[in-house]
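What follows is a single structure, written as structure tokens, with notes after it.
Please treat every number below as a calculation from the coordinates, not as lab data. This structure is a prediction, so every number in the text was calculated from the model and none was measured. Neighbour counts run over all protein chains shown; Cβ positions are idealised from the backbone, glycine included.
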Amino acid sequence: MDVQPPASLRSPLRLPHKALMGAGPANAPPRVLHAAAQPLVGHMHPEAFRVMDEIKEGLQYAFQTTNPVTVCLSCAGHGGMEAALSNLLEPGDVAVVPLNGHWGARASDMITRHGARVVPLELPLGQPVTLEAAEEVVSKHRPRLLFLVQAESSTTTLQPLEGFGPMCHKYGTLLVVDAVASLGGYPLWTDRWELDVVYTGSQKVLNAPPGLSPITFSPRAMERVASRRKPCDVYYWDIMQLGDYWGCFGNPRKYHHTGPITLFYALREALAILASEGLTASWRRHEQAALRLRAALERLGAKLFIEDPRHRVHTLTGFTLPRNVDPVAVTRTAMIRHGVELGPGLGPTAGRIMRVGLMGVNAEAWAVDNVISVLEDCVKNPIPNSS
Ligand code: PMP
């Protein structure tokens with residue numbers, strides 16, 4: 001052998017249980033993880049198609065849409081972002097993107113790679129876009145799309161969405177919404193609010209493992225796809241091809257790629273849990289957990305990063321600790337001593353804030369109380385960074 005079998009693979013695989021209270025993934029309930037251990041079937045077998053159909057129905061409920069083109073991409077949330085943008089944009093198109101956190105910058109990077117042009121809407125970090133400010137730019141540039149992030153997780157800012165769909169449609173613009181850190185944890189009405197493409201990730205509020213990106217395309221978005229000069233420039237993201245794999249167009253199913261069947265099982269169970277709890281109850285549970293967390297953080301002397309309560313995301317809370325406390329030491333101590341993951345900042349908030357995620361099964365009073373007692377301990381007795 002040129003390369004020997006690695007000795008590391010002789011030891012059994014062993015992983016600790018951690019409380020995932022950062023920006024995601026969140027913990028998955030045992031029912032979801034057990035579902036992934038069910039027998040494998042082929043990706044073109046009728047059993048797989050049944051699971052995919054059930055996922056589609058569960059996603060239509062979660063997205064609150066009757067869009068026939070509601071599928072699940074075999075990838076992380078970044079893939080949802082890339083699929084949304086690459087199906088709608090062609091070289092020379094214009095996209096309006098607010099720059100008020102990490103994700104607008106990431107979307108802008110993708111948009112320019114596809115040969116389209118970004119018109120940035122510059123805003124202070126953590127400030128959502130108002131309908132009036134968006135209309136001013138959209139009416140002037142008449143872009144192909146406006147990109148909004150409902151829960152801007154790097155800053156923990158809530159972007160209101162109501163009214164943006166009809167406004168965009170007045171100018172022939174499509175509205176793309178990133179709901180990776182919010183879907184299931186905060187109200188989102190795809191049809192009622194006229195959202196054109198919405199995508200999320202399996203690993204946050206939905207409580208499935210990472211690796212799937214649910215996405216929905218409105219009939220208006222599909223008209224745009226049909227009117228492209230050329231097909232989507234990335235085969236893997238082409239919604240016309242994917243739609244046939246997911247049985248969206250009434251045609252016989254066509255092989256597009258080998259779907260991650262066991263992840264589908266897990267997501268199917270995660271959606272079953274959401275459906276039995278009900279969206280309204282889930283939204284309320286996330287709100288109550290967030291309110292409990294914010295009150296406790298303020299008692300601890302932390303300062304919430306988003307000052308206006310109307311602009312705070314329920315699934316993820318950003319804050320700064322009192323001046324003399326080192327957030328890196330706190331995060332490290334929480335992990336080493338308690339097995340609790342706390343989120344550091346991300347992108348423009350890296351090193352500036354800490355973030356606690358309350359997503360899915362972790363959006364509960366007991367989880368809030370636990371994370372607060374861990375924080376209290378880590379603030380008082382941090383493990384020094386040098387040890
Ligand atoms: N958008 C938002 C708002 C997110 O929070 C994330 C993940 N942190 C993503 C996109 C990207 O998701 P993924 O890491 O699954 O690619």
Taking 0.36 nm per residue of separation and subtracting the Cα-Cα distance, what length does fully extending residue 227 through residue 132 add?
31.3 nm
Sort 310-317, 330-337 by packing, meaning the average of other beta carbons within 10 Å per residue, with the highest value first.
310-317, 330-337
Report the calculated FRET efficiency for residue 324 and residue 299 (r = Cβ-Cβ distance, R0 = 25 Å), to the nearest 0.05.
0.90
Kirkwood Rh over Cα pairs of segment 252-363 into Stokes-Einstein at 25 °C, 0.890 mPa s: D in µm²/s?
148 µm²/s
Karplus (6.51, -1.76, 1.60) ³J(HN,Hα), θ = phi - 60°, over segment 356-369, in Hz, Gly and Pro reported as x:
10, x, 10, 10, x, 4, 8, 8, 9, 4, 5, 6, 5, 4
Can you tell me the FRET efficiency between residue 365 and residue 280 if r is taken as the Cβ-Cβ distance and R0 is 22 Å, rounded to the nearest 0.05?
0.75
Write down the Kirkwood hydrodynamic radius of segment 91-233, to one decimal in angstroms, obtained as one divided by the mean of 1/r over all alpha carbon pairs.
15.4 Å
DSSP loop trypsin sites (Lys or Arg not before Pro) in segment 1-44 with at most 15 other Cβ atoms within 10 Å of their Cβ, which ones?
14, 18
Phi angles of segment 128-134, converted by Karplus (6.51 cos²θ - 1.76 cosθ + 1.60, θ = phi - 60°) into ³J(HN,Hα) in whole Hz with x for Gly and Pro, give x, 8, 7, 4, 5, 5, 5
Roughly how many nanometres apart are two label points built 7 Å out from the Cα toward the Cβ at residue 191 and residue 376?
4.8 nm
Tell me, 213, 108 in order of fewest to most beta-carbon neighbours within 10 Å?
108, 213
Hey, with R₀ at 41 Å, roughly what FRET efficiency would residue 162 and residue 336 work out to, going by the Cβ-Cβ distance, to 0.05?
0.40
Under 20 Å from a label point 7 Å along Cα→Cβ of residue 49: give me every residue in segment 264-284 with its amide N that close.
264-265, 268
Based on the mean of other beta carbon atoms within 10 Å per residue, what is the order of 180-193, 230-243, most packed first?
180-193, 230-243
Convex hull (Cα only) mean projected area of segment 30-275, reported in nm² to one decimal:
12.0 nm²
How big is segment 313-387 along each principal axis, measuring the range of its Cα positions in Å and listing the largest first?
35, 28, 18
Across segment 167-179, in residue order, what do the Karplus-derived ³J(HN,Hα) couplings come to in whole Hz, using 6.51 cos²θ - 1.76 cosθ + 1.60 with θ = phi - 60° and x for Gly and Pro?
4, 4, 5, 4, 10, x, 9, 9, 10, 9, 10, 8, 10
Using only alpha carbons, build the gyration tensor for segment 165-320 and give me the equivalent ellipsoid semi-axes, biggest first, whole Å.
34, 21, 14
Give me the number: length gained by fully extending residue 119 to residue 105, i.e. 0.36 nm times residue separation minus the C-alpha to C-alpha distance, one decimal in nm.
3.9 nm
Out of residues 5 or more away from residue 73 or on other chains, whose amide H comes under 5 Å of its own, with H placed 1.01 Å from N in the peptide plane?
213, 215
Can you compute the modelled spin-label distance between residue 66 and residue 3, with each label point 7 Å from Cα toward Cβ, in nm?
5.4 nm
